[in-house]
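Participant: Structure below; questions to follow.
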Amino acid sequence: MAHRVTLVIGDGTGPELMETTRRVLEATGVKFDFETAEAGIDAMEKYGTPLPDATLESIKRTGCALKGPVTTPVGTGFRSVNVAMRAAFDLYACVRPCKSYAGVRSRYNNIDLVIIRENTEDLYAGIEFEKDKPDTKELVDWIFSKQPKARLRRDCGISVKAISVSGTERIVKYAFDYARQNKRKKVTAVHKSNILKFSDGLFLSVAREVAKSYPDIQFDDRIVDNMCMQLVQRPEEYDMLVLPNLYGDILSDLCAGLVGGLGVAPGANIGNGGVAIFEATHGSAPKYKGLDKVNPTAVILSGMLMLRHLKENAAADKLERAVAKVIADGKSVTYDLKADRNDKSAVGTRAMGDAIIRAMNS
Ligand code: NAD
């Protein structure tokens, strides 16, 4: 039976990346029943909203989406389409594998890390108070009434960082369950609990509690600044990282840098409600829109993660091998995978997709 999947086309370089990825996925031999849906700037112009109800309804119907990158439009009342989509389906776990493929230009090799980023709370929950607004003044007065010595200036804007026991429990459990299912050995919790005692401190103490139920998986923790240094010095010492939302966002890009950049970093957003959305770590790279230039690997590997989610493991393995072969050959690859970014032999988005299809069939 064909798998029903929503293809959210996105904007910027999204349409060309999604067209290529769709062809590659169809070439795996797996049967799909794709519903295409819109989101982002192009949808905003057509429907007056960057996230039309029809898109959310399609994802609800299919339970599975492959999403192209989406620009965050400024001044629409939408903080971010991406954040809104994850919130709509309570997709609390963002899974970002960072794996070295031979042939990718990087200072490191043999990296195989998995980042599990909490997706719903922390500073991304959108609880913010703008400078000089009446509510902000009231909040500042209230804080001074409770903490007269608070180091708070009246000309401030305020973003609230809230981390809960229930939110932390489920993300850390997700990380340990993933470790068991994927034969991983160690989970490292990342935090700044020495300074942020009531938010990150809570994250760490809950993570320690959850870890006790998984004696077969090693557990340790690192302060986020130290973690950044260690990742660039000794990344091989780490296996899986579990992080609150903001640190997860930042370290995802850092780890993407370890394995060759955003062009090769896939991701998945998972919840308990039966919906999963797969998307690259990178954004819409709008300056390359329509140029058939950017690397499709991150979106294609997100498709590979989707195949695994759909239990199409043989097809996922075949696709991953083909991607690895094309990258290792180094001929039919986009500019970012060439030693010299101006190398005239670099191919475009579509041609790299075609090479992956040929490699699957050879
Ligand atoms: P970006 O990831 O779009 O691009 C930054 C740079 O990374 C590009 O200029 C390019 O040099 C490189 N790059 C990105 N993708 C690449 C690819 N596939 N191949 C080769 N090189 C690639 O980040 P940005 O410019 O900060 O953000 C652009 C827009 O995308 C913003 O509106 C942002 O909010 C949005 N965004 C969306 C998502 C998402 O849809 N999940 C994620 C991040 C950013």
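Participant: Where residues in the stretch 1-42 are among the hydrophobic types (A, V, I, L, M, F, W, C), more than 16 Å from the ligand (Cβ to nearest atom) and farther than 21 Å from Ala351 by Cβ, which of them is least open to solvent (accessible area, probe 1.4 Å)?
Facilitator: Per the criteria, the residue is Val5.
Participant: Of all residues in the stretch 45-71, which are out of contact with any helix residue (DSSP H, G or I) (no Cβ under 9 Å at 6 or more places or on another chain) and within 16 Å of the ligand (Cβ to nearest atom)?
Facilitator: Selection gives Glu45 alone.
Participant: If you check Ile116 against the conditions, is it away from the ligand (no atom under 12 Å from the Cβ) and within 14 Å of the chain's Cα centre (by Cα)?
Facilitator: Yes, satisfied.
Participant: Looking only at strands (runs of 3 or more DSSP E) that lie completely in the stretch 212-284, which have at least 1 residues being at pLDDT 95 or above and either surrounded by fewer than 16 Cβ atoms within 10 Å (Cβ to Cβ) or within 14 Å of the ligand (Cβ to nearest atom) (or both)?
Facilitator: Filter on the stretch 212-284 gives 218-223, 268-270, 276-279.
Participant: Does the stretch 143-154 contain at least one residue that is closer than 21 Å to Leu241 by Cβ, touching a helix residue (DSSP H, G or I) at 6+ places or on another chain (Cβ under 7 Å) and among the basic types (Lys, Arg)?
Facilitator: Checked the stretch 143-154: no residue is closer than 21 Å to Leu241 by Cβ, touching a helix residue (DSSP H, G or I) at 6+ places or on another chain (Cβ under 7 Å) and among the basic types (Lys, Arg).
Participant: Out of Ile158, Ile116, which single residue is surrounded by 14 or more Cβ atoms within 10 Å (Cβ to Cβ) and over 30 Å from Val259 (Cα atoms)?
Facilitator: Ile158
Participant: Quick one: how many residues across the stretch 309-333 are part of a helix (DSSP H, G or I) and under 16 Å from Met360 (Cβ atoms)?
Facilitator: Number satisfying all stated conditions: 17.
Participant: Does Val347 meet the test of being open to solvent by 10 Å² or more (accessible area, probe 1.4 Å) and under 21 Å from Val5 (Cα atoms)?
Facilitator: Taking the combined requirement at face value, the residue does not satisfy it.
Participant: I'd like the full set of residues that are over 25 Å from Leu305 (Cα atoms) and either under 20 Å from the mean Cα position of the chain (by Cα) or not assigned by TED's automatic domain parsing to the domain that holds Met304 (or both), limited to the stretch 42-64.
Facilitator: Matches in the stretch 42-64: Pro50 only.
Participant: Restricting attention to the stretch 317-337, which residues are surrounded by fewer than 18 Cβ atoms within 10 Å (Cβ to Cβ), free of Cβ contacts under 8 Å to residues at least 60 places away in the same chain and closer than 22 Å to Leu291 by Cβ?
Facilitator: If the condition is that a residue be surrounded by fewer than 18 Cβ atoms within 10 Å (Cβ to Cβ), free of Cβ contacts under 8 Å to residues at least 60 places away in the same chain and closer than 22 Å to Leu291 by Cβ, then Lys331 is the only one that fits.
Participant: Quick one: which residue in Gly283, Gly274 is touching a Pro at 6+ places or on another chain (Cβ under 6 Å), touching a residue at least 12 places away in the same chain (Cβ under 8 Å) and more than 19 Å from Tyr101 (Cα to Cα)?
Facilitator: None of the other options fit; the residue is Gly283.
Participant: Now a separate question. When only residues in the stretch 294-305 that are more than 13 Å from the chain's Cα centre (by Cα) and of a type in the set (A, V, I, L, M) count, which is nearest to the ligand (Cβ to nearest atom)?
Facilitator: Only one residue tops the list, namely Val294.
The values are calculated or read from the model by the stated rules, or taken from the named source; none is laboratory data. Note that the structure is predicted; figures quoted are calculated from it, not measured. When we count neighbours, we look across all protein chains shown, and the Cβ atoms used for this are built from the backbone with ideal geometry, even at glycine. Note: accessible area is taken over every heavy atom of the protein model, side chains too, but ligands, DNA and RNA are not part of it. Shrake-Rupley method; radii C 1.70, N 1.55, O 1.52, S 1.80 Å.
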